[in-house]
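Written out below as C-alpha cells is the structure these notes cover.
Values in this text are rule-based calculations from the coordinates and carry no lab data. This is a predicted model, so every value here is computed, not measured. So basically every Cβ, Gly included, is an ideal-geometry build from the backbone, and we count neighbours across all protein chains shown.
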Amino acid sequence: MSGVKGMKVGVRTKPNNRYSSDAERQAAKDERNRLNDLNPRRREKRKDAKLKKWYGISLDDYNRMWSEQGGRCFICGRHETEFQRPLCVDHSHSTGKVRKLLCGNCNRALGLVYDNVDILQTMIKYLNGY
C-alpha cells in the first residue's frame with residue numbers, strides 16, 4: 001500500500017477544509033481560547049503551569065505567599081485591588097530564587113536598576129537632596 005511520503009500506512013486523515021482561510025482558522029482558535037478563559041478551573045490550571053514553568057512554584061505556593069503578605073505589594077504596601085493586574089512574582093535573575101510578590105510598578109523599578117543596591121542608594125541620596 002503506497003501513501004503520501006511521511007504518512008503512516010492505514011492512518012486516515014481528515015481533510016483540513018473546515019476553514020476557508022487562515023484568518024477564519026485564527027478566529028476560531030481565538031474563540032476557543034476566549035471560552036476556555038471563562039472556565040475558572042482551566043484558568044487556574046494554566047496559571048499553575050505558567051508559575052511552575054517560569055518560577056518553579058505552584059499556584060498553591062503563590063496563594064500562600066499572597067495570604068502571608070495580605071494581598072499587598074511587599075515594597076509599597078498597596079493592595080492588589082488597587083491595580084488592574086495580580087501581584088508579580090519577584091525573583092533574582094542571577095539565582096532564579098523567588099523572593100516576594102510585588103506590584104508591577106515596584107517589580108519594574110527593581111528591574112530598571114538591575115536589582116543593584118548601589119544604584120538604589122544613589123537614587124535615595126538624590127531624592128533626599130531635594
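I need the full set of residues from segment 69-107 which are of a type in the set (S, T, N, Q), in contact with a strand residue (DSSP E or B) (Cβ under 7 Å, 6 or more places away or on another chain) and assigned to a loop (DSSP other than H, G, I, E, B), in order please.
Gln69, Ser92
Return the residue satisfying two criteria in turn: it lies in segment 50-60 and is part of a helix (DSSP H, G or I) and out of contact with any strand residue (DSSP E or B) (no Cβ under 8 Å at 6 or more places or on another chain), and of such residues it is surrounded by the most Cβ atoms within 10 Å (Cβ to Cβ).
By that ranking, first place goes to Leu59.
Looking only at segment 81-103, count every residue that is surrounded by 12 or more Cβ atoms within 10 Å (Cβ to Cβ) and farther than 20 Å from Gly56 by Cα and tell me the total.
1
Keeping to segment 101-110, report how many residues are more than 15 Å from His79 (Cβ to Cβ) and within 16 Å of the chain's Cα centre (by Cα).
2
Could you tell me whether any residue of segment 101-111 is in contact with a helix residue (DSSP H, G or I) (Cβ under 6 Å, 6 or more places away or on another chain) and under 20 Å from Lys50 (Cα atoms)?
yes
Inside segment 34-44, can you point out the residues that are surrounded by 10 or more Cβ atoms within 10 Å (Cβ to Cβ) and assigned to a helix (DSSP H, G or I)?
Leu35, Asn36, Asp37, Arg42, Arg43, Glu44
Can Lys47 be described as assigned to a helix (DSSP H, G or I) and out of contact with any Gly (no Cβ under 8 Å at 6 or more places or on another chain)?
It is true that Lys47 is assigned to a helix (DSSP H, G or I) and out of contact with any Gly (no Cβ under 8 Å at 6 or more places or on another chain).
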